[in-house]
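Read the structure below first, then the notes.
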Amino acid sequence: MKDRVRGRWMAVAAAGVAIAAAAVMVVGTAGAGTKASCGSVTLNEQAWAGSTANTYVAKAALEKYLGCKVNITQIAEIPVYQALANGKTDAVLEDWQHVDQYKQYIDKQKTVVFGGPNGVVGHIGWFIPAYLMKEHPEFKTWKGLKGKETLFKSPESGSQGMFLGGDPSYVQKDQQLIKALGLNFKFVSVGAEPAQVARWSQLYKQHKPVIFYWYTPQYLNQEFQLAEVQLPPRFKGCVDDAKAGGDVKKYRCAYDKTIIEKVFSKKFASSGNPAFAAMKRFSWSNADQETVAKWIAGDHMKPDKAGQKWVSQNAAKVKKWFGK
Amino acid sequence: MASSNGNGRTPLIRAEGIWKIFGRNANKVIGTPDVDLSRAELREKTGCVAAVRDVSFDVYPGEVFVVMGLSGSGKSTLVRTLIRLIEPTAGRVEIDGRDVTAASRDQLLQMRRHTSSMVFQHFGLLAHRTVLDNVAFGLEVQGVAKSERHARAQEVLRLVGLEDAAGQFPDELSGGMQQRVGLARAFAVDPKVMLDAEPFSALDPLIRRDMQDEVIRLQHETGKTMVFITHDLPEALRLGDQIAIMRDGRVVQLGTPEELVGSPADDYVANFVRDIPRSHVLTLRWIMRDAKPGEEDGPKLDVATTVKRAVPLISDSERPVCAVDGGKIVGVVDKQAVLAAIAGEGD
Amino acid sequence: MAVAEAAQRIPHPLPAPWWRGKSGAAVLVVVAMLIAFLGWRNQGHWPAALTWNSVGPHLDRFQTWLSDNRNVPDPNLAFRAFNGLANFLDHLVAWSTRFFHWLTWAGTVVLGTLLVLRFGGRRAALGVLAAFASFAALGLWEESVETFSLMLAAVSLSLLVGVPLGVLAGRSSRFNRAVTPVLDAMQIIPAFAYLMPVVILFSVGPGAAVVTTMIYAVPPAIRITALGIRGVHPNTVEAATALGSTRWQVLTKVQLPLARRMLLLSVNQTILFALSMVVIAGLIGGQGLGDSVTNGLYTDPAMAIFAGAAIVIMAISLDRATEAMANRTDPAHRHLTADRSRQLRTYTAACAAAVGLTVVLGHVLNAGADWSRWTAQDWLRQYVQRGLDYVQNPSTFLFRDLTNPTGNFIVQHGIQPLRSFFIETPWPVTLIGLVLIAFLLSGLRPALIALVMLFVVGFVGEWTNAMDTFSQVLVATVLTVIVGFVLGVWAAENRYVSRALRPINDVLQTLPQLVYIIPFIYLMPVSGVPGIVASVLYAAPVMIRLVQRGIEGVSPETVEAATAYGATRLQVLLKVKIPLARDAIMLGVNQAIIMVLAVVVIGGLVGSGALGYEVAQGLQRNAFGLGVVASIAILALGITLDRVTQGRVRARTQA
């Protein structure tokens, strides 16, 4: 008996859900349709805002001018090389000099090809808040830091000053630099970039002293006023990536300018897809990227919208990519 | 200790020198002097536990053979070695003329399916099946068609008085009823031998008595041969034609109920049977003496009558009562013999 | 007089005071270590002679070799097999996604809801319906479908592998013993460490994500299946055997049907474990909610929180649904007669018809695969953003007077001193001290295992980092045990607390750690603390549950007896319940340690440094060898701590 009641209840519920669904559908139908003349292209977007910016701008441009269907994958920096090698991803538009990967995949295996610089020039350095620079103009160069390290004391640095290290996944040599420069800093890593930003931005908001690994272009540079500490000039044989190991002396120089590369899957490059030529010509400036990144990360504009907005506002630049 | 039941017939079950030693090097213990160590000593020395030690017995067709012992005596292990639910470490088991210990996997399977069946202390029913499907399970694993096995199961359920419970599930039944299902399952495959591993230990005393009656009735109706394990002496005496008393893995005495009560082999057995009213167990055969000339015309009683039931007649009779076996007078019992038997109680 | 004399002759069985017992000895060991620390600080670093530095480079070379041989135009058969497998898995996920697209969003909702309604009942079905509504409201419909498809593939394959192995482990103790350490390793070694080889073999994409997820989700499937098979009453199995069932008949007719509830619970656990890998799967092309979390962390924390919420909602609704289905369809309690099954078949058909109708309607009305008409994302964002702004504001009372000073205090007076103690004490002292403590607490065998494991840590060149991680794990474990114990006892004694804790525990166990760590990065911005908070939040639920279960499991008769002698509720708790629940509590401590270790890598991403940092680097800076070496050290630490805390309990239960 109980069973039968339950059964009836179920039948009513089933019908009810079906009817309700149908009703909602009448209200909420959506149409879709895409034209595809260049076929589909797969771009890889990395986690940081700059990468999101150039990926979505490229997407908007490819859709608008070639009618491509653009897929976006989100694969971490190192694994993405395997994706390029297999042709699962066609292009990475922002690669910060992964020299090991270049050797392995581009020179040796020839499964990945260079696509030339993307126009953005990256720069890594030691940064402090602008207000601190105003109070301590001697911090313009690293020599001014000498003897004043304890200003940057923190709970975890003990009697030393704290140097806030960068995201472990980024190229860096700060531990070696501190040693080579003879500074009384304790290198403190607070982990991935979001955590590092949290740390220094909290101190920034409290107007406290902080010195940290940072880079341009970065959309946060528009939100926070930062100033750079000059490091010793570069010399021949000076190295930037501590992974190389060896004597700290060979790290005793400022970080080099980082030419941001585009890399493509060999398969994509040899496919004759017009999108390849266009992406090879893709190039824009630091300011362009920061603008779009700010729209996305700062103003929470949908990446697709931000890409389309920039593409329509900068038609002249974009047309050049397509040889027009 | 020859059994009067079995004389001149071949045993249905024959167990010879069964050993079961648990532990890593069990095989290495057999054949060494270590086997004569006490359990504790053996454990200390080798880390092995001897559950069953050198047990031999014969069970004749139609007989109820009871193995009685306290917990830890090895009786449960012993019954399991008979169909190799537990592999015996040494010894030989023969059932229905076939060597169980040497049987291949397949032969063993066939034997379990067709020759033996078993009833368990905690019933071992399948909670996800109806009573009918539980009873039919043995036939199902044999590959009997559904309609046929259901018909047979229904028939057996009628035998145990559960025909109305066929569609119910085990957890809807009382303990006693569940064990009836267990019995029915065992009968359903029409086995030659039924092994009962303390089937009534988990039941209330009153229900246990009912179930014992049930077993006696079923055994009478079907004439099954049974090996019945119990820790309960009254149960053993009620059911058993032959009783083996086990202690620390050994059989300390094997005999008829009368033999156990009448002449315990050692203090251990004597202690056990002390509280059993002898007059309930001993028969005239046990207390009779040879008839003197002239005594053959007294009142006659079957030689298998218990003392208790003979008392009214003997006390009323002026003359000794004649014990008759198959129409032949085999001895006489007088008042003194009866009094001596009764007086011996409670020693 | 005579009585008194007799009494004198009986030796007094007074227990020795605690300082004469094992705990006293352990304290002595610690004191000795402290003296060594103060006297020979920084004077005994792990010697280079006892270090094998080339593990990492060897592994790096192996990875390069793997990659070179795989990425040739015509790879050998083995690699082609991996390709085939990867393609198959990719397609499996794609088919499933496409299937949901074909159903249209409406068909998906109706299918999910009615399926759960039919087999799990009303409550669970409402939960599923609410989950669908949440995905729509969060504006994460498509991502949720992708993640669900990925999980569906990963879970079914995990079960396909795990259930047979679990059956085997359930029936053979030897196999069970052999497979257990492998399963432990699979669950302790951080996924970051093997992500790269997986990517090389299976490339990126859903297929690789499925493989990674399976490595983590197969162990619970095996364990719980084995538990289920073992849980079938031996009497029942014996009865079936005695009636002449073959092993196969015993399995299919007895063990599997009776273990079915546990089997479905293993589905349930496998789902939860699979969902906890979603974020990591996102790093290698797993798509869906994992991507939203990672990207959100960098560019839009509110989005990361939404995606995290979607993962939690998916996990909890699936958990409740599978649990309801497991209980309701349990053949041992369902009492399914022929009549009833006929009826139920009719309802199934009715439900199927309703789903079919919806799909047809969906296509006729062009409903679309993705619900994107309306979402509450922007509306929700205001509130989430307001919350984020609040925690990011350093001038609030919360930050200025509460969390920031607390964080600093923990670092200055907890983590830092402990870290220097472990790092700066000469290594032989630390090694011997830890082994001695293991011996005192757990016995000889565990102590030997601890010795070997600690030596391995030093041998692969990770002594300092491991001691650093160890000190943080210790702080996190102590906090977890305190929090878990107090809340567990409270929940056992008070059902309102118990009821309130359940959803919180569920959320903490399924929410990606990177999401709930967001506020703490801002509130306690000092390296080490967010990592410890993450570990405590992740590990405490398990401790709470085990303590609660242990205390609730104390036999009511014992409690009754104590009460009958006039014990107060507090006395009952302190003198009866807690001592009797000791094993469960110790198991909780042990599990807490394992869970704390499981989030060491997350700690590395939020500033805990040491081993976690190295494992993270292993993937992110292409230092495969380094990552694996650090993972080995984590595993060795895990085994050490496991043995130290579990040895005696396990020894007792095995006897």
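Bear in mind that the values in this text are calculations on the coordinates, not laboratory data. What you are looking at is a predicted structure, and each value in this text was computed from that prediction instead of being measured. When we count neighbours, we look across all protein chains shown, and the Cβ atoms used for this are built from the backbone with ideal geometry, even at glycine.
For the protein assembly as shown, the normalised intensity computed at q = 0.06 Å⁻¹ comes to -0.70 (log10 of I(q)/I(0), Debye sum over alpha carbons, equal scatterers, no solvent).
Per residue, the average separation of C-alpha pairs within less than 8 Å and at least 6 apart gives the stretch A:123-257 a relative contact order of 38 percent. Comparing Cα centroids, the stretch C:199-216 and the stretch B:194-218 end up 60 angstrom apart.
Across peptide C:351-364, the average count of Cβ atoms from other chains found within 10 Å of a residue's Cβ is 4. Here the scattering of the stretch A:200-324 is modelled by Debye summation over its C-alpha atoms, one equal scatterer each and no solvent; at q = 0.19 Å⁻¹ the log10 of I(q)/I(0) is -1.15.
Over the stretch C:450-567, Cα pairs under 8 Å with separation of 6+ residues give a relative contact order of 36 percent. Put in order of Cβ neighbour count within 10 Å, fewest first, the listed residues C:Glu557, B:Glu235, B:Glu155, A:Glu45 become C:Glu557, B:Glu155, B:Glu235, A:Glu45.
Annotation: amide H-H contacts under 5 Å for A:Thr73 (H modelled 1.01 Å from N, sequence separation of 5 or more, or interchain): A:Leu43, A:Asn44, A:Glu45. The H on the amide N of A:Val121, modeled in the peptide plane, is under 5 Å from the matching H of A:Asn286, each at least 5 residues off or on a different chain. With 32 Å as the limit on Cα-Cα distance, the pairs of A:Lys153/A:Lys243; A:Lys205/A:Lys250; A:Lys103/A:Lys140; A:Lys88/A:Lys205 that go past it are A:Lys205/A:Lys250; A:Lys103/A:Lys140; A:Lys88/A:Lys205.
Mean separation of Cα pairs under 8 Å and 6 or more residues apart, divided by the residue count, gives the stretch C:270-351 a relative contact order of 19 percent.
Sorting C:His101, C:His91 from the fewest to the most surrounding beta carbons within 10 angstrom yields C:His91, C:His101. What is the distance in Å between the Cα centres of the stretch A:162-202 and the stretch C:399-422? Here the answer is 20 Å between Cα centres.
Sorting C:Arg499, A:Arg281 from the fewest to the most surrounding beta carbons within 10 angstrom yields C:Arg499, A:Arg281. Here A:Lys257 is the anchor, and the lysines within straight C-alpha reach of less than 17 Å, apart from those fewer than 8 places off in the same chain, are A:Lys173, A:Lys236.
Peptides C:157-165, A:54-62 ranked from most to least packed give A:54-62, C:157-165, packing being the mean of other C-beta atoms within 10 angstrom over each peptide's residues. What you get for the stretch A:193-324, charging only the Cβ of Lys and Arg (+1) and of Asp and Glu (-1), is a dipole of about 520 debye around the Cα centre. Rounded, prolate or oblate: which one fits the stretch A:123-257, using the alpha carbon gyration tensor with axes a ≥ b ≥ c (rounded when a/c is under 1.5, else prolate when a/b beats b/c, else oblate)? Rounded is the answer for the stretch A:123-257, as its axis ratio a/c remains below 1.5.
Would you mind classifying the stretch C:277-321 by shape? Square roots of the alpha carbon gyration tensor eigenvalues, ordered a ≥ b ≥ c; an a/c under 1.5 is rounded, otherwise it is prolate if a/b is larger than b/c and oblate if not. Judged from the Cα gyration tensor, the stretch C:277-321 comes out oblate (a/c at least 1.5, b/c at or above a/b).
Radius of gyration (Cα atoms) of chain C, expressed as a multiple of 2.2 N^0.38 Å: 1.05. Pairs of Lys residues in chain B, spaced 8 or more positions apart or belonging to different chains, with C-alpha separations under 26 angstrom: 21 in total. Within the same chain, lysines fewer than 8 places from A:Lys319 are excluded, and of the rest, those with a Cα less than 26 Å from its Cα are A:Lys35, A:Lys59, A:Lys64, A:Lys69, A:Lys262, A:Lys266, A:Lys267, A:Lys280, A:Lys294, A:Lys302, A:Lys305, A:Lys309. For the stretch C:68-139 versus the stretch A:207-286, the spacing of their alpha-carbon centroids is 38 Å. Phi angles across the stretch C:211-219 convert, under the Karplus curve 6.51 cos²θ - 1.76 cosθ + 1.60 with θ = phi - 60°, into 3J(HN,Hα) values of 4, 4, 4, 4, 4, 8, 9, 5, x Hz, Gly and Pro given as x. Simple spin-label estimate for C:Leu38 and C:Thr346 gives 8.4 nm between the two label positions (7 Å along the Cα-to-Cβ direction from each Cα). What does the C-alpha gyration tensor say about the overall shape of the stretch C:103-387? Classify as rounded when a/c is under 1.5, otherwise prolate if a/b is larger than b/c, or oblate. It is oblate, given that a/c is not under 1.5 and a/b is not larger than b/c.
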